[in-house]
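Quick notes on the structure that follows.
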Amino acid sequence: MGKFMKSGKVVLVLHGRYAGRKAIIIKNHDDGTQDKPYGHCLVAGIDRYPRKVTRKMGKKKIKDRSKMKAFMKVMNYNHLMPTRYSVDINFEKSVVNKDAFRDPALKNKARRDIKGKFEERYKTGKNKWFFQKLRF
Amino acid sequence: MVVQKKSKKAAENINARLALVMKSGKYFLGYKQTLKTLRQGKAKLVIIANNTPPLRKSEIEYYAMLAKTGVHHYNGNNIELGTACGKYFRVCTLSITDPGDSDIIRSMPSGDPTQQAS
């Protein structure tokens with residue numbers, strides 16, 4: 001009896017190019033908007049997961065293998081599977097928002113911001129499950 | 001023997017309560033609509049027929065766990081659940097948003113998700 005599609009929730013993308021990837025809800029629109037009359041949300045996720053790192057590897061190798069590619073997308077709730085996990089990352093609302101999709105330069109800027117925040121969080125070792133590829 | 005008696009009575013009970021909800025309350029029939037109500041937090045109880053595919057059953061249970069909504073596994077298949085709702089079609093899942101005069105919510109939730117694993 002509670003809404004659970006809130007910002008910070010980890011969801012799995014089920015449809016589209018990014019199917020099978022994990023993403024975080026940034027902003028949700030439960031009741032839709034004028035041009036999207038259905039429940040949808042802005043998600044930021046991982047397109048290319050960081051590769052596995054072992055203790056034997058040198059610093060540079062670890063750094064290269066910890067890189068990841070991020071994506072940002074507005075998705076219909078029906079195309080997402082919510083999970084019980086949540087990741088608390090503060091994205092810059094001025095950069096990462098729906099307006100970024102108008103202009104490819106804005107979109108790149110937003111993606112770079114997301115990538116930076118993800119890599120930062122990955123290095124701290126928190127939210128390990130989010131940065132692991134979902135095996136299926 | 002006591003268990004048999006209870007199951008027959010329980011089946012009649014839920015059918016009677018469902019009939020009352022159909023008459024006086026608000027409900028949504030069907031998989032897509034139950035997921036919608038679960039996402040919006042409007043669902044108070046979700047009922048699943050016993051022949052729903054196990055993947056779909058666990059998906060609905062997971063959503064209900066996230067929404068802290070009770071799930072009732074109906075003792076009958078989708079044909080019987082449809083009949084219990086007074087419809088001439090099959091119903092695999094249904095969600096009750098407003099029980100009306102019925103006490104189905106107070107007496108049914110056998111598996112309260114919040115009490116289980118956190």
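Readers should treat all values here as calculations from the given coordinates under stated rules, not as data from a laboratory. Quick caveat, the model's predicted, so the values are computed rather than measured. Using ideal geometry, Cβ is built from the backbone for each residue, glycine included, and neighbour counts are taken over all protein chains shown.
How high is the relative contact order of chain A, in percent, with contacts defined as C-alpha pairs under 8 Å that are six or more residues apart? Walk me through the intermediate numbers first.
On the way: 218 pairs, mean separation 34.2, N = 136.
It rounds to 25 percent for chain A.
Each Lys and Arg Cβ is given +1 and each Asp and Glu Cβ -1; about its Cα centre, the protein assembly as shown then shows a dipole of about 1860 debye. Within a straight-line Cα-Cα reach of under 12 Å, A:K93 can be paired with the following aspartates and glutamates, leaving aside sequence neighbours fewer than 8 residues apart in one chain: A:D113.
Of A:K36/B:K42; A:K56/A:K128; A:K98/B:K57, which pairs sit farther than 25 Å apart, going by alpha carbon to alpha carbon?
Values: A:K36/B:K42 21 Å; A:K56/A:K128 20 Å; A:K98/B:K57 34 Å.
Too far apart for the 25 Å limit: A:K98/B:K57.
Treating cross-link reach as a plain straight distance, find the aspartates and glutamates whose alpha-carbon is under 12 Å from the alpha-carbon of A:K117, omitting any fewer than eight places away in the same chain. By straight Cα distance, A:K117 reaches A:D88, A:E92.
Taking trypsin sites (Lys or Arg not before Pro) as exposed when DSSP calls them loop (any state but H, G, I, E, B) and at most 10 other Cβ atoms lie within 10 Å, what is the longest stretch of chain A free of them, the sites themselves excluded? Don't skip to the end; give the middle numbers.
Numbers: sites that count: A:R17, A:K52, A:R55, A:K56, A:K93, A:R102, A:R135.
Formally, the longest exposed-site-free interval is A:57-92.
Remind me, what semi-axes does chain A give for its equivalent ellipsoid, largest first in whole Å, using sqrt of 5 times each Cα gyration tensor eigenvalue? Walk me through the intermediate numbers first.
Working: eigenvalues 144, 59, 32 Å².
For chain A, the semi-axes come out at 27, 17, 13 Å.
Taking a temperature of 37 °C and a viscosity of 0.692 mPa s, what whole-number D in µm²/s does Stokes-Einstein yield for the protein assembly as shown with Rh from Kirkwood over alpha carbon pairs? Present the calculation step by step, with values, prior to reporting the outcome.
On the way: Rh = 20.5 Å.
It diffuses with D of about 160 µm²/s by this estimate.
Rounded to the nearest 500, the 222 nm mean residue ellipticity of the protein assembly as shown from helices alone is -10500 deg cm²/dmol, with -39,500 (n - 2.57) taken per DSSP H run of at least 4 residues.
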